[in-house]
1. Taking θ as phi - 60°, what are the ³J(HN,Hα) couplings along region A:148-161 by the Karplus curve (6.51, -1.76, 1.60), each to the nearest whole Hz, with x for Gly and Pro?
2. Amide H of B:Y351: which non-local residues (sequence gap of 5 or more, or other chain) have their own amide H closer than 5 Å, using H built in the peptide plane?
3. Computed FRET efficiency, Cβ-Cβ of A:I146 and B:Q171, R0 60 Å: what is it to the nearest 0.05?
4. With r defined as the distance between the Cβ atoms of B:T7 and A:D8 and R0 fixed at 51 Å, what FRET efficiency is calculated, to the nearest 0.05?
5. To the nearest 20 Debye, how big is the dipole of region B:292-413 about its Cα centre, given +1 on the beta carbon of each Lys and Arg and -1 on that of each Asp and Glu?
6. Could you run the Karplus curve 6.51 cos²θ - 1.76 cosθ + 1.60 with θ = phi - 60° over region B:11-17 and give me ³J(HN,Hα) per residue in whole Hz, x for Gly and Pro?
7. How far is it, in nm, from the label point at B:N372 to the one at A:M106 when both lie 7 Å from their Cα along the line to the Cβ?
8. Among B:G167, B:G190, B:G66, which one shows the biggest mean-square fluctuation in a GNM of chain B, springs joining Cα atoms closer than 10 Å?
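Readers should treat all values here as calculations from the given coordinates under stated rules, not as data from a laboratory. These figures come from a predicted structure and were not determined experimentally. Here the Cβ is made from the backbone with ideal geometry for all residues, glycine too, and neighbour counts use every protein chain on show.
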Amino acid sequence: MEYPKYMDKPRKPYFKWVLILNILSVSLCFLVPWYIYIQGSLLFLQFSYLILKKFKGYKAVCAITFALMLMMLQFDAINLDLSWSIDYVIPSLFMFLVTLKFIIVMVKKHKWAHYDQIHILFIAFSIVMAILMIVGLIEAIIMGSITLAIFAASLVAIWIRVGRKYYRSLLKFIHV
Amino acid sequence: MNTKKRTWFRLDNAAKIYPAFASKKDPATFRVAAVLKHPVNKTLLQSAVDMTLPNFPSMAVTLKRGLFWYYLDENPRKAIVKKETKRPCAYINLKESNGFLFQVVYYKTRIALECFHALTDGYGALEFLKALLYNYAIQMGEIPADSLRLHGTDEGDFEDSYKKYAGEDHQDSPKLHVKHIHGTDLHLDGIFVHHAKLDAMALNKCAKIYGVTITVLLTSIYMKSLLEVIGKGPITIAVPVNLRKIFPSKTLRNFSYVLNIPCWKDKSFRAMLEHVMNEFSYQLDEERLKKQFSKNVNYESKWLLRLTPNEVKSIFLRNARSKKSKKVVTSVLTNPGIIHMPEEMTRYIDYFEMMLYASKPLYVNMGICTYNNEMVISLSRGIKEKDIIELFFKNLEKYTQLDVEYYSNEGDE
């Protein structure tokens, strides 16, 4: 019995080299502080490449925004003070994602299964934000509260729109 | 029949490890295939898939990442039949498979079902393939279904039988750090596969002369071939056992456990047969197997583990696989036994094939399938070197004195 002629190419073990180069690049940041801007940008480009290869649509926007948050955190780390990123950058980017999602769910007639996992991750993320606020790591309380309030409002609206599927998705996601 | 619709499933106990480590390098896939007597008609095959899939809810799922565990979620999309372009047992890309954890491919007269192991084991995949072949054939003429299972919609069809039959007592399976097969990794998506086709009745007669079963005979020949190439032992051949034959389960999800057949040094063929047979009869014990799989079920039920985030658990599971599971096995040999189909189906089906993926350090593995007196032994390899395979085929002819027909997917390698 015959098999087809395969047009395959051997896999190239790029990952190991990329990892080594990244470790070296991060190490260089400790010696040359301004290099962190280059390192952060390179890392963001790498993430963007991988994200755009794997995801599209809202998932891609989400992943790129999270990569952007990471880059901002890195830039902020140059002064060993992350307060600007934690207090303003992360909440505002998060607010952007939540609002975008809210609009999509309200306007587009997609199945809830399209968004459920990202949405549940948002819940986890907002819990982390709330904890950071309680322990005092997030100092811009008003900004944080507005973000969480917008998220809570979107939760209620989406719940009303999606109905029981929302509860079922949540149950599946958190099953132990 | 219970028609209550299930929309999602927890992964069964054995399936939990696969999503943690599966990658292009280590795809955790296997293939069951049927070679027909006539070229495959794509349109009929697609409609057979469309007819079969709704009757097997445990197959019509996709893999999703939960906060604590992965789970199988209902996949409303259509499973698309494709012409074979990739090597067998390649990593199943969910984008290419429309989210399904299996892929139906065809080439000339072969219909192949490639499965990710988290979905089901060889038995489940064969049941699905048999129903698919039946639905393919009935489009060409009336065929009685006989004992063929055309539905998997009962609650028992998607139960986690490990959990159901696990007991309180548990026992460690023996852990022996063994020698592995070495070679030049091909870094290919999928495997090279070498098949040997022979007369099953004649092989059975030969096994009877030796006073053993076919699986024991083939394991012994394979053990001898491995030891001749690797040199000194210990080596272990992992032989999966279908637990449905021991426990009254009819689940279509994973329900098998491996017997690790060890051997420390090469010996005469008669002595090897006796050694392998003794290992089989010692390890193939209901209570013993129950205690061994109960241990895994018990681990899974620990609250600390259950409440550990999925990502953290995956790191531990990946580590456990590379540091422990793979260290105790040299190669895998699986024989799901004789495949039964309605008599009229012999007009359409020539023979079946079964093969496993091969990745570091399990670079060579064996799958055996028997249908209508045709046995096909498939050796998969993920390395350049073919010495073990060539030696096994040579030994197979030497110890059985049977005529063997060979073919492979090597092409002009």
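1. Those phi angles translate into 5, 5, 4, 5, 4, 5, 5, 4, 5, 5, 5, 4, 5, 6 Hz.
2. For B:Y351, the qualifying residues are B:V35.
3. With R0 = 60 Å, the Cβ-Cβ based efficiency is 0.55.
4. My answer for the efficiency is 0.90.
5. 1460 debye
6. For region B:11-17, the Karplus curve yields 5, 6, 4, 6, 6, 4, 7 Hz.
7. The modelled label-to-label distance comes out at 6.3 nm.
8. Of B:G167, B:G190, B:G66, the most mobile in the Gaussian network model is B:G66.
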